Amino acid sequence: MSSFDELIPSAPRGRFEGIERPYTPQDVERLRGSVCIEHTLAQRGANRLWRLLHAEDYVPALGALSGNQAMQMVRAGLKAIYLSGWQVAAD
């Protein structure tokens, strides 16, 4: 393993540029567990938002109060939605 880009192959190019780390990729690999836990939906969402923020001048977003409202916003064409954990926890 020679770079941090290889640690997270699904991340968009340049996603972690400019971040200083006091450890090497080998340190990370050595300390990782033997089971690779993946959070696919979170990872895809984070990568999509990162690409949007770097491709668009601005990304209009609204806050949804429920999951249903968020679905309506998606159908209406919003590219980003804010969901408060407290707000949607009981939904």
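Each reported figure results from applying straightforward, stated rules to the coordinates on display, with no laboratory input. Because the structure is predicted, anything quoted here is derived from the model rather than measured. Note: ideal-geometry Cβ built from the backbone for every residue, glycine included; neighbour counts use all protein chains shown.
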Point to revise | Extreme residue, positive dipole direction of the chain, given options Val74, Ser84, Val59 (C-beta unit charges) | key: Val74
Exercise for review: Specify the angular offset, from 0 to 90 degrees and rounded to the nearest 10, of the alpha carbon long axis of helix 40-55 from the longest principal axis of the alpha carbons in the chain.
Suggested key: 80
Check your understanding: How long is the chain along each principal axis, judged by its Cα atoms, biggest number first, in Å?
Key -> 45, 33, 20
Review point. For the chain, what's the relative contact order in percent, using C-alpha pairs closer than 8 Å and at least 6 residues apart?
Key: 21
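Mind putting a number on the dipole of the chain about its Cα centre? Charges go on the C-beta only, +1 for Lys and Arg and -1 for Asp and Glu, and I need it in Debye to the nearest 20.
240
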**Study point:** Listed residue (Pro9, Ile37, Trp50) projecting farthest to the positive dipole end of the range 1-58, Cβ model
**Key:** Ile37
